């Protein structure tokens, strides 16, 4: 009898092992059928405007959860609903810019955001039946054989504990699961060390600093002010699970002309940083014979990095190297073709885009400097020289109306070598197609 019992136990154990293996194979097969998300899709936040989700319009956003299939069940994923403000940016409670509409009520301009990497396979009837609350919408993302799904659920209090980003007002540190950026706690416009987890094991700073400079001429008098000299204050912060929103107020004047009503609305995600500066240049500033703005990044110890511009040659500029590559003066951009990109070949690439308000049509030129040229001191900087220094010069600024001038920064281990630079740009500009099914 004891012998028979032992045999039964062995058989049961063997059955469990076989069943586990079959389940693992089926799960892997299901994952393969879904297809792998391209690297650029993985790193980007998926933004869904209220106008795309008519079933939620006018509803209190706190009543809803976003879930995806994992381990055979619907589980919560990191998400957030963000209201919109009167300037056309995500609303930050406590900031000086008012909400556009009703706070906490999902409206056409408001946004639902989450990471595509957190979505999963399509839920079957059994999975749907097993979830607490009511499924309102299925969000299906399909592209070139790749499928991912998420679900909007009402009446489910479960929330993911994962948070991708955080900004600390006391220390000035921006921290995500992929990178960190140290800013001056008394001046968000002053950037210093930036570390990325896979670049030199996260131990070597990428940046010297960010440079924001306003240049003006009044007759023969020239003046320049930079980000270290612009009074500014963080007025409010929203640290959500998916992105951190930072509201910044600033006052800018040059040669006695006040550039009033200035500020910034900074958005931080796991692998991006959007930094739009908004300001109104008064008509009185037309007395200036020239007025321009520069926004750029001065990199640290990156001689040899490959740099390309959207309208420039496909052959890169190699920073600090006179023997190969394109000439810096050949790099071209315009408002419709504004990306600049750099690849270290050491697990860190960057793509930047110029961002401006609709209808605002300034002139746009590339700023490019590197260590092969004799240079004068170029404040603000922590390390002498440009290794390299890349960005945008914006001219023909409009007077008497609100304008927006900013940069959108995207970071990844290898945009150039994995998805290919042009493909990565297209995926950033064009979101993965969405189909919304209402139940």
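The values are calculated or read from the model by the stated rules, or taken from the named source; none is laboratory data. Remember, it's a predicted structure, so these values are computed and weren't measured experimentally. Methodologically, a virtual Cβ is constructed for each residue, glycine included, from the backbone with ideal geometry; neighbour enumeration extends over all protein chains shown.
Report, by residue number, each residue of the range 370-396 that is surrounded by fewer than 20 Cβ atoms within 10 Å (Cβ to Cβ), over 20 Å from residue 189 (Cα atoms) and at pLDDT 90 or above.
Within the range 370-396, 395, 396 qualify.
If a residue has to be under 18 Å from residue 408 (Cβ atoms) and in contact with a helix residue (DSSP H, G or I) (Cβ under 7 Å, 6 or more places away or on another chain) to count, how many in the range 313-342 make the cut?
If we filter the range 313-342 for residues that are under 18 Å from residue 408 (Cβ atoms), which is where we start, we get 333-342.
Next, only the ones that are in contact with a helix residue (DSSP H, G or I) (Cβ under 7 Å, 6 or more places away or on another chain) stay: 339, 341.
Matching residues across the range 313-342 total 2.
What pairs can you find where one residue is in the range 319-341 and touching a residue at least 60 places away in the same chain (Cβ under 8 Å), the other is assigned to a loop (DSSP other than H, G, I, E, B) and surrounded by fewer than 17 Cβ atoms within 10 Å (Cβ to Cβ), and their Cβ atoms are less than 7 Å apart, with a gap of 6+ or different chains?
319/303; 319/304; 320/303; 320/304; 320/372
Could you list, in sequence order, the residues of the range 92-118 that are in contact (Cβ under 8 Å) with a residue 60 or more places away in the chain and either crowded, with 22+ Cβ neighbours inside 10 Å or assigned by TED's automatic domain parsing to the domain that holds residue 244 (or both)? Outline the logic, then answer.
Narrowing the range 92-118 to residues in contact (Cβ under 8 Å) with a residue 60 or more places away in the chain: 92-97, 109-117.
Passing the criteria: 92, 95, 110, 112, 114, 115.
Please verify whether residue 355 is outside any strand (DSSP E or B) and either surrounded by fewer than 19 Cβ atoms within 10 Å (Cβ to Cβ) or assigned by TED's automatic domain parsing to the domain that holds residue 313 (or both), treating the condition exactly as stated.
no
Output the residues belonging to the range 388-426 that are over 19 Å from residue 212 (Cβ atoms) and in a loop (DSSP other than H, G, I, E, B).
399, 400, 401, 413, 414, 420
Tell me yes or no: at least one residue of the range 127-139 is in contact with a strand residue (DSSP E or B) (Cβ under 6 Å, 6 or more places away or on another chain), surrounded by 14 or more Cβ atoms within 10 Å (Cβ to Cβ) and either closer than 30 Å to residue 305 by Cβ or modelled with pLDDT under 95 (or both).
No, every residue in the range 127-139 fails to be in contact with a strand residue (DSSP E or B) (Cβ under 6 Å, 6 or more places away or on another chain), surrounded by 14 or more Cβ atoms within 10 Å (Cβ to Cβ) and either closer than 30 Å to residue 305 by Cβ or modelled with pLDDT under 95 (or both).
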